[in-house]
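Here the structure comes first, spelled out in structure tokens, and everything after it is commentary.
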């Protein structure tokens, strides 16, 4: 009997210790919140986990399994919230109370800066790795693909206005000019295209959901093709759909950089670095569209563009 009681007591103590250890890991850990289910998000999560390293301290969750109260509770259980995508980022901005630091991944710079973050969340505890590219990198690709292009068409929404200043400055430094069209949330992208395409050598697309989305992407690309204006995109999907070229950071590249930031932060729990573009990038070309427009593309393997960095 005594032996049975001793074993039972030891078993209870072991269970208690494991529970306390697990709770301690959760309390000091990281929660990765994915906006959607799909290959891109899984790719990012895998790369993040591999670079972060400590899987016991990492929780991977989907936004469809969380409500406002769930996000609030999560922000009190872990030290770092990592929303992935604009939906998860908006959910965290609206409902987290600022106790946990926040590192947003795979979000447009304009969308991240447009969010209203908790007043208790200082700049040193708020960061991001953007999905879009630094202006110099995008314009550098235009110079490599279309060396004679000087008039760059850009359509943007009011939310995306923050991108235009830095892009204009970088364009002026490279002796390029922007042909701009701003559309209202309820505005027609077609009107913006008619405004900029006649005067543009190339159309640069930015990740602005109010301008370009699944409902109008084919119309935008077909319209530019009719005008014989090549398109520079921001994803491999746009190249497959008809853009001549794109420079972009893959989900794996963004995830790896996010995991690296989280790992360094979790060791020291100091300041998060300022929001930034992804250091790594990829370039894709659409040879068929380029040939039809009379464009001779350079070799993808030798393309080296301006590195990323802080905005």
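Please treat every number below as a calculation from the coordinates, not as lab data. The shown structure was predicted, so the numbers you read here are calculated from the model rather than taken from an experiment. Don't worry about glycine lacking a Cβ; one is built from the backbone with ideal geometry, like all the others, and counts go over all protein chains shown.
Exposure proxy for 261, 303: other Cβ atoms within 10 Å of each Cβ, ordered fewest to most, give 303, 261.
Considering all different alpha carbon pairs of segment 165-235, the Kirkwood hydrodynamic radius works out to 12.9 Å. Per-residue ellipticity at 222 nm computed for the chain from its helices equals -13000 deg cm²/dmol, with DSSP H segments shorter than 4 residues left out and the rest contributing -39,500 (n - 2.57). Per residue, the convex hull around the alpha carbon atoms of the chain comes to 153 Å³.
Relative to the dominant Cα principal axis of the chain, helix 86-95 is inclined by about 50°. Gaussian network model of the chain, Cα springs within a sub-10 Å range: biggest mean-square fluctuation belongs to which of 252, 243, 119? Between 252, 243, 119, it is 119 that shows the largest mean-square fluctuation.
With the alpha-carbon atoms of segment 41-151 aligned to their principal axes, the span from lowest to highest coordinate is 55, 32, 27 Å, starting with the largest. Averaging over all projection directions, the Cα-based convex hull of segment 206-284 occupies 6.3 nm² in the image plane.
What separates the Cα centres of segment 174-245 and segment 96-140 is a distance of 25 Å. Scattering from segment 118-173 was approximated by placing one identical point on each alpha carbon and applying the Debye formula without solvent; log10 I(q)/I(0) at 0.22 1/Å stands at -0.96.
Once a ≥ b ≥ c are taken as the square roots of the eigenvalues of the Cα gyration tensor of segment 57-103, is the result rounded (a/c under 1.5), prolate (a/b larger than b/c) or oblate (a/b not larger than b/c)? Verdict is rounded for segment 57-103.
Mean separation of Cα pairs under 8 Å and 6 or more residues apart, divided by the residue count, gives segment 133-222 a relative contact order of 36 percent.
A convex hull fitted to the Cα coordinates of segment 121-229 yields 123 cubic angstrom per residue. One quarter of the surface of the convex hull around the alpha-carbon atoms of segment 78-142 equals 4.6 nm², the direction-averaged projected area. Remark on segment 26-101: hydrodynamic radius 12.2 angstrom, per the Kirkwood mean of 1/r across alpha carbon pairs.
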